[in-house]
Each structure stands twice: as C-alpha cells, then as structure tokens.
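K.L.:
Submitted below is the structure of interest, expressed as structure tokens.
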Amino acid sequence: MIRLEHVKRSFTVGDQPVAALRDISLHIAAGEYVSIMGPSGSGKSTLLNMIGLLDRPDAGLYLLAGQDVSQLNEEQQAQVRRDKIGFVFQFFHLVPRLTAAMNIELPLILAGVDPQERKQRVDELLASYGLTNRADHRPEQLSGGQRQRVAIARATIMRPAVLLADEPTGNLDRATGREVMALLEGLTEQGVTLILVTHDHEIGDRAQRQLVMVDGQLASDTRQP
Amino acid sequence: MTLTDTLLFASGSLRGARTRTLLMMLAMAIGVAAVVVLTALGEGARRYVIGEFSSLGTNLVIVLPGRSETSGISPGMLVGQIPRELVLDDAQALLRSNAIRRLAPLSVGSAQASNGARNREVMVLGSTAQLLAIRHMEMGEGQFLPDTDARLASSVCVLGAKIRRELFANEAAVGGWVKLGDRRFRVSGVLKEQGESMGFNTDELVIIPVASAHQLFNTQALLRILIEAKGRDEILRARSEAESILLARHSGERDVTVITQDAILATFDRILRALTLAVGGIAAISLAVAGILIMNVMLIAIAQRTQEIGLLKAIGAPPAQIRKLFFAEAALLSLVSSLAGWALGEIGSFVIGRAYPTLPIGAPWWAVLAALATALGTGILFSVMPARRAAKLDPVLALARR
Ligand SMILES: Nc1ncnc2c1ncn2[C@@H]1O[C@H](COP(=O)(O)OP(=O)(O)OP(=O)(O)O)[C@@H](O)[C@H]1O
Ligand SMILES: [Mg+2]
C-alpha cells in the first residue's frame, strides 16, 4: 500500500539545515495497523505528513498503491488526499462556524457529491458514531471526545484506504482517549490502513506493528506476534 | 465542488464574520450610493437646463445683428462704419425661405407704464402675432397681438400676469387702457402666469406690435429675429438660407449672426454631461478605496482562518478551489453591497428630488451600470491577491499549532 524508499526531508531553520527525515525506507501493507512512537522532534509528524501528501520529500521515492505520488502536481495530490487519505489531528481542526454534520459533510462537498447522497451518508455516520443528537451542534458546544469523533467521521466519510492520526488522543483524558481508540481500531477491522503517531505506550503497544523513530531515522520496527 | 456549494460555503463564511462583513458592505455601499446620488444630481441639473431651454421654443433659429466671430475684417469696419442694423424688411425677406415656418421680429426697450395712479417701469417687447406660437406662450385672458402687417403700428398691448396685477388689481384688464411713455395702448390680452425661465420673466413683460415699439423707442433696429424652422431636419437649411438671404440684402457683408437652438442646447448638454461624468468619477474613487479596504480585511481574515484553509487542503481542496472560495466571497460581498448601495442611492435621490421638486433628479442608467460594474470589478480585483495567498498556504504550517 505505502512504500517509501530513501526518503529525506530537511528544513532550514535560520540558516541551519535541520534534517527531519534522514533516510527512511518503509513498506506498509494494506490493512495494517501501525503506531509510530519516539521522542519529540524525532520526525514522526513529518513522516506522517509525507505519507499524507501534505509535504514532499527532498529526495527518495513514495509509492501509494503502486503509484509514484511524489511526482504528482498539487492538483492531483489534492485529489489523492481527498479520495484515499483521511486525517485525524490532535487539535481536531473542525471549522468553528459549521455544525457537526456540516463538518463531516465537507469532504463530500469538495468532491462534488450530490446533496441527497451527502445527507444520507452523513446521517449514517452520525448514527454509527453516536452523534445523531449532536448533528446541529457547533464544535464549541461539543466535548473533546465528541469533537474527535466528529473529526474521525469527517476523515472516514470518503471511505479512504489510509487513515493517518497524529496524536489523536493527545488532547483527551484517558477514558475518552480509550473510546476514540476503540473507534479507530474498529475501522482497522474493516480493512482501513491506520497509521497512528502517539506518545502513549499503552496506546502504541496495541498496534500490530510498532515503529520507533529517533532523530529522523527508524530505530526499530517490531510486529506483534 | 459545485458552484452552488462554493457560493453557499462563501456566504457561510461571510455570515460567520458578521461585523467584518457589514463593515466591508458599508464601505462599498456608500461608494456606490455616492456615485448614484451625485450623477443623479448632475443629470437632474442637465435635464433642468435643457428643459428650460427647450421650453423657449422648438426648432428655433435666432438671427442677431453683428458678427460674433472675429475671422476676417469687413470693408465697412475699415472706414469706421458701425455694422448695419437688422430691420423689419430683413425679417420680411426671410419668409422667402421655405424651410422657415414662421418668424417673429423682436425689439426691446423699457418704458414707464401707467393706468391712472398706478404705474411702474416695464420691459416692452415689440413683436408680431407669431411670437405666441414660436415662444410657446399661453394666454390667460383675451387675445394676443392681432395678426396684421408687421409694419402696422396699432395701439394694442398684451400684459404679463404680474404687470396686469400691478396695474389693474381687481379691475378688468382686457379692453382697458395702459399708457406706455406718452402713448396709450388698449389691452387685448393677458399672458398666463409662467414664472421665470432662463432668466427671462414673461410675467413682467408688456408686448406691443413691433412697429409701435419702433415708434415708441424711436428706432428701426431689431434686437433679434426668432425663426421657427419647418421641422428638425430643416433647422440647418433654415439657418443657411437665412444667412444667404441676409448676406444678399446687406450687400455681401456678413454682419449678422445666425445661431440654432440645437447648437446651444448641444453645448449645454456637453458641458453638463461632462460635469456629471466628473462628479461620478470622483465618487467612483471612493469605490477604489472600498476595494482596498476589502483587500486588507480579506488578508486579515485569511490570517485568522489559516487553520481552516489548511484543513480544506488536507481534506482534498486543490489550490484552485481555495481561490474560488475567496473569489466567491468577494463577489458575493460586492454584489450584495453594490445592490444595497444602489438602493441607498435611489432613496437618496428620491429624497433630494422631494426637497427640490423643480430638479428632475434621476441617476442615468449608464452611471448606475458603471457604479455596479466598478464595485464588482474592484471587489473581485482586490480579492485576487488575498485569494492567491490563501491558495499558496502550506497546509503543514497552517495545521501546526506551535
Ligand atoms: N516547518 C518546519 N520548519 C522548520 N523545522 C521543522 C518544520 N517542521 C518540522 N521541523 C523540525 O523537524 C524536526 C521533526 O519535527 P516533527 O514535527 O516531525 O517532530 P515530531 O516527532 O512530530 O515531534 P512531536 O512529538 O513533538 O510532535 C524537528 O526538529 C522540527 O523542529
Ligand atoms: Mg508531531
């Protein structure tokens, strides 16, 4: 599903180049559940953004479902993001003026799906995430857990093959975090490839495959027996 | 993303920032309203002047003694002659032209008018029966001058409405006698009250036959000859024929000036239109200012909505779509505000029109169109830069909360 070969990425801070990814080669099969852990600044988010096509490698190759996506132009990359990738963020990033239902609907609107089908799909998802009675609430009227569930609904409404979550529980208490994780893990059982960045070992250890990053490099890659 | 969805989303974000949106709308609406009101005023002034001028008569050609142009020196001037006067026979001769429907010679002077103890100084106009029709005057009572030979000095007069009041008060005027200088004139009629037009007040006028006026003022000269051409298309022919007839009568000397009402009207029209255009243009500058304001506010809005833009990109909006969203916002904003400004301007013009009923106020359609187009144009033009900036935003940075 995802194949990275010798991917490098560095940023210029002041006039010093800072290497965020040194030389990453990685293969993730369809339907895998992968956690990425490691100290702060080790390049976890940069790697996730790279996989999510929000960032481009300075060098190296990135194949998504067999397609060399690093060569695509911005327009084409946006389309790949829309159709194949879902994002879940630590800070939810819901649009504050839109209701929960409208936030979830957003990717469908961008994809030009017709309004009737949109409504039906949003309603289904609201129901299965237990958010039906929160459909018309704006984000500020929702709890953290509810916000993250709305964000996950938004990330999955296009039925993407890959779900990328950058510290999805980082802003939630332990109990709510567990609920959100149950939701995400439920999705992996439906065949979604889930890549999860976390600082929480309890959460990271539940994944089938665990990556540890240190200083822009993969320090270990272990699989659950 | 469909156009409907784009517009809905854009209007949603405009409504989301209510104060900001209202302020931008206000700036743009005031600009449009200013253009509408100011051009309405200019156009009102133009229509007023043209209307006043047209009410003097239709298809008028006017003959004045003397040359108004300085080109060429006539032989007469070299020997120190004063230019030849315009006389009654000149007027009679003009009737030979078949482009001329009718004409009225005019001579003017002032005299003391009295009826018993009541008396006052009046302006006396010497003319013929044709004057009534040519100048579009109307009778209040009695008859106008009799339609006789212009050379006949009969002792009848027509009074302006105000003169009639002052000399006769409640007495019957028609059939009464008025003394002008040392001569007595019988009143044959009274003009309808008209008020002032183009600085000329027929209410304070006494009209007598032109020959009588010549006797009264002891002169042969005419102030001018008013000619009515047979139709609009005949104006120029009437003018050139009048010129050539008078040229022949004045032994080849061009010592008269023949002007057409159309030419004067056209000059006024040009001047006043230019004025309207200038005022409208100045008002349009305020629209450009409003455009710059919109650009500023949109740039601020983009800074505030960085996360939203980053998110839209992350969930698959290509840069072109982001640009479209911001264009749509600017277009909606300018459309709604320019329509509001238009309405505001029309209301303003209506109120001013009520306050000055004599001014036929109304914004010309071209000014309204230009104002709306300028508003829309500046709104969209000034959103190009903010929209491009939004589209270029790096989603990673936009979503990061550092
Ligand atoms: N846009 C950027 N500009 C400059 N430096 C950056 C940028 N993004 C990341 N970096 C640097 O790259 C390195 C890796 O950053 P990254 O955000 O991937 O770390 P992380 O593992 O996600 O850390 P954290 O656990 O704190 O989220 C860091 O040194 C960071 O300072
Ligand atoms: Mg990170």
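K.L.:
Please state which one of B:302, B:292 is touching a residue at least 24 places away in the same chain (Cβ under 8 Å) and within 20 Å of residue A:74 (Cβ to Cβ).
P.N.:
B:302
K.L.:
Filter segment B:307-326 down to the residues that are free of Cβ contacts under 8 Å to residues at least 40 places away in the same chain and not in a helix (DSSP H, G or I), then identify the one that is nearest to the other protein chains (Cβ to nearest Cβ).
P.N.:
Ranking the qualifying residues of segment B:307-326, first place goes to B:316.
K.L.:
Identify all residues within segment B:1-48 that are within 11 Å of another protein chain (Cβ to nearest Cβ) and part of a helix (DSSP H, G or I); write none if there are none.
P.N.:
B:3, B:4, B:5, B:6, B:8, B:9, B:12, B:13, B:14, B:15, B:16, B:18
K.L.:
So, one more: Evaluate segment B:269-282: report whether one residue or more is within 16 Å of residue B:41 (Cβ to Cβ), in the same structural domain as residue B:26 (by TED's automatic domain parsing) and either more than 19 Å from the chain's Cα centre (by Cα) or not in a helix (DSSP H, G or I) (or both).
P.N.:
Yes - at least one qualifying residue is present in segment B:269-282.
K.L.:
May I ask you to say which residue of B:160, B:181, B:175, B:195 is within 30 Å of residue B:112 (Cα to Cα) and surrounded by 21 or more Cβ atoms within 10 Å (Cβ to Cβ)?
P.N.:
Being within 30 Å of residue B:112 (Cα to Cα) and surrounded by 21 or more Cβ atoms within 10 Å (Cβ to Cβ) holds for just one of B:160, B:181, B:175, B:195, which is B:160.
K.L.:
Then there is this: If we only count helices (runs of 4 or more DSSP H) wholly inside segment A:119-220, which ones have 2 or more residues that are surrounded by 20 or more Cβ atoms within 10 Å (Cβ to Cβ) and touching a residue at least 12 places away in the same chain (Cβ under 8 Å)?
P.N.:
A:144-156, A:174-189
Let's see how each residue does on (1) within 14 Å of chain A (Cβ to nearest Cβ); (2) assigned to a helix (DSSP H, G or I); (3) away from ligand 2 (no atom under 16 Å from the Cβ); (4) within 23 Å of residue B:277 (Cα to Cα):
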| residue | (1), (2), (3), (4) |
| --- | --- |
| B:353 | no, yes, yes, yes |
| B:358 | no, no, yes, yes |
| B:371 | no, yes, yes, yes |
| B:385 | no, yes, yes, no |
| B:391 | yes, yes, yes, no |
| B:398 | yes, yes, no, no |
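K.L.:
Using beta carbons and a limit of 8 Å, which pairs, at least six apart or on different chains, have the first residue in segment B:27-47 and among the aromatic types (Phe, Trp, Tyr) and the second one part of a helix (DSSP H, G or I) and open to solvent by less than 10 Å² (accessible area, probe 1.4 Å)?
P.N.:
The qualifying pairs do not exist here.
K.L.:
Kindly indicate the residue of segment A:1-45 that is within 12 Å of residue A:217 (Cβ to Cβ) and among the polar types (S, T, N, Q) and also farthest from ligand 2 (Cβ to nearest atom) among those meeting that condition.
P.N.:
A:25
K.L.:
Hey, another quick one. Hey, among the residues in segment A:81-91 that are of a type outside the set (S, T, N, Q) and touching a Gly at 6+ places or on another chain (Cβ under 8 Å), which one's nearest to the other protein chains (Cβ to nearest Cβ)?
P.N.:
In this case the residue turns out to be A:82.
K.L.:
If you don't mind, there's one more thing I want to ask. So, residue B:47, is that one under 30 Å from residue B:336 (Cα atoms), at pLDDT 85 or above and either among the basic types (Lys, Arg) or not assigned by TED's automatic domain parsing to the domain that holds residue B:330 (or both) or not?
P.N.:
The answer is no for residue B:47.
K.L.:
Moving to a separate point now. Report yes if residue A:73 is at pLDDT 95 or above and more than 16 Å from ligand 1 (Cβ to nearest atom), otherwise no.
P.N.:
no
K.L.:
Condition first: more than 16 Å from ligand 1 (Cβ to nearest atom), within 21 Å of residue A:222 (Cα to Cα) and under 16 Å from the mean Cα position of the chain (by Cα). Now tell me which residues in segment A:179-208 satisfy that.
P.N.:
Listed by number, the residues that qualify are A:181, A:184, A:185, A:188, A:191, A:192, A:193, A:194, A:207.
K.L.:
Considering only segment B:281-288, I want to know if a residue exists there that is within 14 Å of another protein chain (Cβ to nearest Cβ) and touching a residue at least 40 places away in the same chain (Cβ under 8 Å).
P.N.:
No: segment B:281-288 contains no residue that is within 14 Å of another protein chain (Cβ to nearest Cβ) and touching a residue at least 40 places away in the same chain (Cβ under 8 Å).
K.L.:
Taking only segment A:181-200 into account, find how many residues are away from chain B (no Cβ under 14 Å) and within 16 Å of ligand 2 (Cβ to nearest atom).
P.N.:
Of the residues in segment A:181-200, 5 are away from chain B (no Cβ under 14 Å) and within 16 Å of ligand 2 (Cβ to nearest atom).
K.L.:
Restricting to segment B:94-104, count the residues that are outside any strand (DSSP E or B) and open to solvent by less than 10 Å² (accessible area, probe 1.4 Å).
P.N.:
Going through segment B:94-104 one residue at a time, the tally reaches 3.
K.L.:
Would you pick out the residues in segment B:235-285 that are in contact with a strand residue (DSSP E or B) (Cβ under 8 Å, 6 or more places away or on another chain), crowded, with 18+ Cβ neighbours inside 10 Å and among the polar types (S, T, N, Q)?
P.N.:
Answer for segment B:235-285, where residues must be in contact with a strand residue (DSSP E or B) (Cβ under 8 Å, 6 or more places away or on another chain), crowded, with 18+ Cβ neighbours inside 10 Å and among the polar types (S, T, N, Q): B:260, B:261.
K.L.:
Looking only at segment A:15-24, decide whether some residue is more than 12 Å from ligand 1 (Cβ to nearest atom), away from chain B (no Cβ under 14 Å), in contact with a strand residue (DSSP E or B) (Cβ under 7 Å, 6 or more places away or on another chain) and not small (Gly, Ala, Ser).
P.N.:
Yes; the residues of segment A:15-24 include at least one that is more than 12 Å from ligand 1 (Cβ to nearest atom), away from chain B (no Cβ under 14 Å), in contact with a strand residue (DSSP E or B) (Cβ under 7 Å, 6 or more places away or on another chain) and not small (Gly, Ala, Ser).
K.L.:
Filter segment B:216-265 for residues that are aliphatic (A, V, I, L, M) and part of a strand (DSSP E or B) and give the result.
P.N.:
B:225, B:226, B:227, B:229, B:256, B:258, B:259
The values are calculated or read from the model by the stated rules, or taken from the named source; none is laboratory data. This one's a predicted model, so the numbers in the text were calculated from it and none came from an experiment. With ideal geometry, Cβ positions are generated from the backbone for all residues, glycine too; neighbour counts draw on all protein chains shown. These area figures cover heavy atoms from the full protein model, side chains too; ligands, DNA and RNA do not enter into them. Shrake-Rupley method; radii C 1.70, N 1.55, O 1.52, S 1.80 Å.
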